[in-house]
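S.K.: Quick one: the structure is below, questions incoming.
The values are calculated or read from the model by the stated rules, or taken from the named source; none is laboratory data. For clarity, every value in this text was computed on a predicted model and none was experimentally measured. Ideal geometry is used to build each Cβ from the backbone, glycine not excepted, and the neighbour counts take in all protein chains shown. When the accessible area is computed, the model is the full protein with side chains, heavy atoms only, and any ligands, DNA or RNA have been set aside. Shrake-Rupley method; radii C 1.70, N 1.55, O 1.52, S 1.80 Å.
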Amino acid sequence: MQLFLPKVEVIALEQGLLGQSGLARAQTLVALAWYWRQTDSRQALAWVEAGESSLQGLGVQIQTTEVEPLAARLTLVRAELNLLSAELGAALQMVLAAIAQFEACRDMVGLGDAYWLHAQVLEDSGRQGQTKPSLDAARVAYETAGDMDRQAALHARCLTMALFDEPVAASAAISQSFPTEQVRPLPVAFWISNAHGLAAALAGDPAASIKHFLRAHEIGLEIGQLRRALVAGSNAAESFLRLGDLDTALAMHERDLLLAREVGWPACLGLCLAKIGSAMRQLGRYGEARGFMLEGTKQMARLPGSRSQAQVAIDLAELELADGQFAEAVRAFTDLAAQRELTLAPDLLLLVQCGLATALVKVGQHQAAAKEATAALSLATNLGDVLGQVNAMQVLAQLPPDAGLPLPPQMQAPSLTLHYLRGALALAATIPDYEPTPELRQQLAAAEALAGNYKLAYEHGLAADMAFRRLQTATVQSRAVAMQVKHELEQAQAQTALHQQAAEALRETTATLEVLGVMGRDITASLQAESVFQTLHRHVEQLLDAASFVVFMVEPAQAAAGTPQQLVLTYGSEGGRKLPSESLDLHGNSVFARCAREREELLINLAPEQSDGPRACQKFCV
C-alpha cells in the first residue's frame, strides 16, 4: 500500500469493489479508507466502518496473519482522522494502538507509517523536541521493509523540518540528496518539491520557491494530501507577497481558504485565515486583518503549543504593533513569552523577543525593553542569525539612557545608540546580497548628527536616499519577476492539462479494450444464442447507457412464400423487460433496416418532447 494514490487510481479502486467479496473486498475497503484519509474525513470514516464490518464478517476461514495488518491500518486511519479534527488525545491513543498492532503482526511498512504519524501528533501537540525518536523508528521500519520510496519521502520530510534550525546545512543536504531533475513517484515528489521550495524561500529566492511550492501544491491535490497541499499553497502565496504581487498572493490565499473551510480541519483553517490576515496587514487594512487573525487564533487554540498556533499568535501580535496598538502588542507578546518560552522554536522565540522589546519601547517601559532586546541579541548570536542580531541591535539603539543598559566592553562609539547602530551596519554588510534598510541608514544619520559627526550624518542620509531608490527599483523588478513566474506557471499548467487529457484518453481506451477483450472471451465460451446475447448486453451496459438493447438478424428472402429479406428481432430488452419478437422489411424505411443495409451506426438525438419513452431515445442496433 502506497502513502498516497492519484485520484484516478482511487476511483478505479472504488469501481473494483463491484463483484468483490471476502478478503479481496476487505482489502479494497481498507485501501480506500487509507487513500481517502486526507481528502474527505467523512468519506474516509465511512470506508473505515465498511472495512471493519467486512473484516468481522470474514469468519475463521481467513488466516489471522492476513486480517491483522488490515485491522491495524484501519486503526491508523482513525488516528489520522482524529488528528485532522484536532482531537489530539484520541489521535495519540489510536496511533499508539496502531503501533502495537503493527508490531504484533510484523508489518514493517505499516509500523513505519504509524511512527511517522506519531511524530506528527507530537508536533501538533507542541512537543516538537520529542519527534526525533519516532521519525528514527519510522526510518528503521522502512529500511527493514525495503521500501525505498517511503525512505526517500521521510528523508525529505526530515530535511524540510531541519531547515528551520540549520538552513545552510539542510539546504545543501536537500540539493545533494534530491536533484531537481530526477523523476520520483508523486508521494515522494511532493516532499522533495516542498523541501526545495522552503530551502529557496529561506535563502531569499522567492521566485524559485514559488515553482517548487506550486508543484508540491499541485501534487498534493492530485494524490489527496490536502493538509500539506494547503501549506504548500500558502507558502507559494507568501513568496508572491515577497515579490510585491499582492493580488496574486491574496487570490491564492482565498482559494486555499475556500478549500480549508470545505474540509473543516482546524490546523488548515487557522493557517489560511492567518495568512490572509498577514497579507491584509501588509496592505494596511488592519481591521480586516484583525478579523481574519482572530478567527484563525480560535481555530489554532485546539492545537495548543504547536508551531502553527505560535506563528498565528505572533502574526496577531505584530498586527497590533503595526496598527499602533502598543499596549495590546505588549500584552500579546508577553503572553507568548510567558506561556511558550520552553516550547517555542528558537526562530519563533527570537521574533517574540524582538517584537516585545519594540512594543515595550513604544509604551515607555525602557528597562523591560532593554532586558528583552538583550535576550534577543544573545539568542540571535547563539543561533548564528545575523539578520536577527541586526534587528535586535536596532531595538537596543532606540533605548534612552534611563533603560539601564550596561556599557559594552571596548566600546569606542560616543553613545550606546551609535555603538549598536554601527554594529548593526557592520553585521548587515556581512550578509551576502543583503542591502541595509533605509530605516537603519536614517537612524544612523540622526545619531551621527546628534553626536556632531555631520559629515558621517550627511553620508548616511545620502545612503538612505539611495537605498529608498534601490528599494523602489527592486520592487518593480520583483513584480516583473512575479509576472514572469506566473506566465511560466500558466504555460506549464496548460502543458500539464494537455498531458492529463492525453493520459485520460489513453486510460479510457485501455479500459474499453479490456472490456472488449473480456466480452470476446465470454461470447466464445458459449454456443447458445440466448446466452451470447445476454453476455453481449451485460458488457455493452459497461460501455454505454443502454436503456434499450435489441438484436435483429437478417433472414434471406423466400421466393416460394413471396417474402423479401427481413430483419427478425432475435433478442430484445428494454428497462429490464423482454421485448416480443417482430419482423421488419430489410428494404423498408425503418432506421434498423437502414443500419443493416448501410452497415453503419446511426445516432438520433431526440428532444424530450419528441420522445415516446426510453426506446425512442436510446437504441443500440446490431
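S.K.: Residues that are farther than 22 Å from VAL140 by Cα and open to solvent by 40 Å² or more (accessible area, probe 1.4 Å): list the helices (runs of 4 or more DSSP H) wholly contained in region 35-127 that include at least 1 such residues. Step through it out loud before you land on a result.
M.R.: Numbers: elements: 41-56, 64-84, 88-105, 108-124.
Per the criteria, 41-56, 64-84, 88-105.
S.K.: Quick one: would you say ALA370 is more than 38 Å from the chain's Cα centre (by Cα), in contact (Cβ under 8 Å) with a residue 12 or more places away in the chain and open to solvent by less than 10 Å² (accessible area, probe 1.4 Å)? Walk me through how you get there before you give the answer.
M.R.: Numbers: more than 38 Å from the chain's Cα centre (by Cα): yes; in contact (Cβ under 8 Å) with a residue 12 or more places away in the chain: yes; open to solvent by less than 10 Å² (accessible area, probe 1.4 Å): yes.
Yes; evaluated as a whole, the condition is true for this residue.
S.K.: Now for a separate question. Could you tell me how many of the residues in region 322-336 are touching a residue at least 24 places away in the same chain (Cβ under 8 Å) and either among the aromatic types (Phe, Trp, Tyr) or out of contact with any Gly (no Cβ under 8 Å at 6 or more places or on another chain) (or both)?
M.R.: Restricting attention to region 322-336, the residues satisfying the condition of being touching a residue at least 24 places away in the same chain (Cβ under 8 Å) are 322-323, 326-327, 329-330, 333, 336.
From the residues that got through so far, the ones that are either among the aromatic types (Phe, Trp, Tyr) or out of contact with any Gly (no Cβ under 8 Å at 6 or more places or on another chain) (or both) too are 322-323, 326-327, 330, 333, 336.
Looking only at that region, the number is 7.
S.K.: If I filter region 6-34 down to residues being of a type outside the set (Val, Ile, Thr) and open to solvent by less than 20 Å² (accessible area, probe 1.4 Å), which single residue comes out as modelled with the lowest pLDDT?
M.R.: Going through region 6-34, the residues of a type outside the set (Val, Ile, Thr) turn out to be 6-7, 9, 12-27, 29, 31-34.
Then keep just the ones that are open to solvent by less than 20 Å² (accessible area, probe 1.4 Å); that gives 17, 26, 29, 31-34.
Numbers: LEU17: 82, ALA26: 90, LEU29: 94, ALA31: 94, LEU32: 94, ALA33: 95, TRP34: 95.
The residue in question is LEU17.
S.K.: Given the conditions (1) open to solvent by 50 Å² or more (accessible area, probe 1.4 Å); (2) hydrophobic (A, V, I, L, M, F, W, C); (3) within 30 Å of ALA511 (Cβ to Cβ); (4) not in a loop (DSSP other than H, G, I, E, B), which single one is not true for LEU527?
M.R.: Going through the list (1) open to solvent by 50 Å² or more (accessible area, probe 1.4 Å); (2) hydrophobic (A, V, I, L, M, F, W, C); (3) within 30 Å of ALA511 (Cβ to Cβ); (4) not in a loop (DSSP other than H, G, I, E, B), LEU527 breaks only (4).
One line per residue, one yes/no per condition, for (1) within 30 Å of GLY220 (Cα to Cα); (2) touching a residue at least 40 places away in the same chain (Cβ under 8 Å); (3) among the aliphatic types (A, V, I, L, M):
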position: GLY16; (1), (2), (3): yes, no, no
position: GLY19; (1), (2), (3): no, no, no
position: GLY22; (1), (2), (3): no, yes, no
position: TYR35; (1), (2), (3): yes, yes, no
position: GLN38; (1), (2), (3): yes, yes, no
position: GLN56; (1), (2), (3): no, no, no
position: GLU68; (1), (2), (3): yes, no, no
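S.K.: Please find, within region 142-151, the residue that is surrounded by the fewest Cβ atoms within 10 Å (Cβ to Cβ) out of those that are touching a residue at least 24 places away in the same chain (Cβ under 8 Å) and more than 16 Å from ARG228 (Cβ to Cβ).
M.R.: As a first pass, look at region 142-151 and keep what is touching a residue at least 24 places away in the same chain (Cβ under 8 Å): 142, 144-145, 147, 149-150.
Next, only the ones that are more than 16 Å from ARG228 (Cβ to Cβ) stay: 142, 144-145, 147, 149.
Values: TYR142: 25, THR144: 13, ALA145: 17, ASP147: 19, ASP149: 15.
Per the stated criteria, the residue is THR144.
S.K.: Also: Could you grab me the full set of residues in region 283-310 that are surrounded by fewer than 21 Cβ atoms within 10 Å (Cβ to Cβ), without any contact (Cβ under 8 Å) to a residue 40 or more places away in the chain and more than 22 Å from ASP245 (Cα to Cα)? Explain how you work it out, then say what you get.
M.R.: Initial filter on region 283-310 (surrounded by fewer than 21 Cβ atoms within 10 Å (Cβ to Cβ)): 283-288, 290-291, 294-295, 297-298, 301-302, 304-305, 307.
Subsequent filtering for residues that are without any contact (Cβ under 8 Å) to a residue 40 or more places away in the chain retains 283-288, 290-291, 294-295, 297-298, 301.
GLY291, LEU294, GLU295, THR297, LYS298, ALA301 - these are the residues of region 283-310 that are surrounded by fewer than 21 Cβ atoms within 10 Å (Cβ to Cβ), without any contact (Cβ under 8 Å) to a residue 40 or more places away in the chain and more than 22 Å from ASP245 (Cα to Cα).
S.K.: Okay, next question. Hey, among the residues in region 384-395 that are touching a Leu at 6+ places or on another chain (Cβ under 7 Å) and assigned to a helix (DSSP H, G or I), which one's nearest to ARG441 (Cα to Cα)? Please lay out each step first, then the result.
M.R.: Step one: of region 384-395, the residues touching a Leu at 6+ places or on another chain (Cβ under 7 Å) are 385-386, 388-390, 392-394.
Next, only the ones that are assigned to a helix (DSSP H, G or I) stay: 386, 388-390, 392-394.
Details: VAL386: 17, GLY388: 17, GLN389: 16, VAL390: 12, ALA392: 16, MET393: 13, GLN394: 11 Å.
If we take residues in region 384-395 being touching a Leu at 6+ places or on another chain (Cβ under 7 Å) and assigned to a helix (DSSP H, G or I), then GLN394 is nearest to ARG441 (Cα to Cα).
S.K.: Next question. Select, from ARG261, ARG285, ARG281, the only residue that is within 30 Å of LEU32 (Cα to Cα) and either touching a Pro at 6+ places or on another chain (Cβ under 9 Å) or of a type in the set (Lys, Arg) (or both).
M.R.: Details: ARG285 fails: within 30 Å of LEU32 (Cα to Cα); ARG281 fails: within 30 Å of LEU32 (Cα to Cα).
The match here is ARG261.
S.K.: Moving on to the next point. Among the candidates ARG184, ARG139, which residue alone is open to solvent by 20 Å² or more (accessible area, probe 1.4 Å) and assigned to a loop (DSSP other than H, G, I, E, B)?
M.R.: Values: ARG139 fails: assigned to a loop (DSSP other than H, G, I, E, B).
Answer to the check: ARG184.
S.K.: Could you pull out every one of the helices (runs of 4 or more DSSP H) wholly within region 257-327 that has 1 or more residues that are among the aromatic types (Phe, Trp, Tyr) and out of contact with any Cys (no Cβ under 6 Å at 6 or more places or on another chain)?
M.R.: Numbers: elements: 266-282, 286-300, 307-322.
Passing ranges, in order: 286-300.
S.K.: Can you confirm whether region 539-549 contains a residue that is over 54 Å from the mean Cα position of the chain (by Cα) and at pLDDT 80 or above? Talk me through it step by step, then tell me what you get.
M.R.: Here is the first cut: in region 539-549, the residues over 54 Å from the mean Cα position of the chain (by Cα) are none.
Scanning region 539-549, I find no residue that is over 54 Å from the mean Cα position of the chain (by Cα) and at pLDDT 80 or above, so the answer is no.
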